[in-house]
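Each reported figure results from applying straightforward, stated rules to the coordinates on display, with no laboratory input. Predicted model, so just to flag it, every value in this text is computed and none were measured. Here Cβ is always computed from backbone atoms with ideal geometry, including for glycine, and neighbour counts include all displayed protein chains.
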């Protein structure tokens with residue numbers, strides 16, 4: 001069923017564009033840093049994420065869109081996503097290596113993100129699972145670990161984001177459910193690990 005209502009279409013575009021995976025992850029990292037670190041500590045933790053993950057991924061997508069390798073910034077084409085996933089996975093592994101060298105501990109948030117992306121890459125051989133839905137559900141789990149109310153809110157937001165992806169015809173319902181299912185699986189493992197570490 002095609003939705004032609006301009007308000008619904010425009011609202012869906014705004015929600016989908018704003019809550020892309022990179023923006024949602026940045027919002028989480030800012031909130032986590034605000035709750036747990038001084039400004040100096042937050043800078044030391046966040047700048048490597050910014051320099052080794054967020055900026056390279058954003059620039060990679062932008063460059064490939066400009067060169068015509070990717071159709072759009074969402075990288076909606078399933079075949080085009082293969083190189084995107086490979087680049088992001090390599091970037092997360094580089095970050096984890098550098099971060100371990102600097103702090104002598106594993107960043108479980110990024111490690112589980114890497115696992116999520118590997119599973120998304122595997123699924124991409126069969127179905128174009130929704131990255132918007134998947135990563136926002138994972139962000140919901142990250143928030144839930146430190147503030148359950150925000151986590152529940154973000155999960156509901158992730159559901160709404162998934163609906164917008166279908167409305168905008170970026171994904172089918174099956175693709176949104178596939179991305180959501182993978183994210184829920186990884187998120188539950190992450191939350192169980194966090195609980196085990198705390199207790």
Share (percent) of C-alpha pair distances in segment 1-84 greater than 15 Å works out to 69 percent
Residue order, fewest to most beta carbons within 10 Å, for 160, 59:
59, 160
Relative to the longest principal Cα axis of the chain, at what angle does helix 131-146 sit, 0 to 90 degrees, rounded to 10?
30 degrees
Hydrodynamic calc, segment 85-165: Kirkwood Rh from Cα pairs, then Stokes-Einstein at 37 °C with viscosity 0.692 mPa s, so D in µm² s⁻¹ is 239 µm²/s
0 to 90° range, to nearest 10: angle between helix 78-103 axis and the chain longest Cα axis
10 degrees
Reciprocal mean inverse distance between Cα atoms of segment 122-199 - Kirkwood radius, Å
12.6 Å
Taking only the alpha-carbon atoms of the chain, the convex hull volume per residue, in cubic angstrom, is 125 Å³
Cα centroid separation, segment 15-68 to segment 120-165 (Å):
16 Å
Listed residues 180, 68, 151, most fluctuating in the chain (Gaussian network, C-alpha, under 10 Å)
68
If each residue's Cβ is checked for other Cβ atoms within 10 Å, how do 40, 2, 175 rank with the fewest at the top?
2, 40, 175
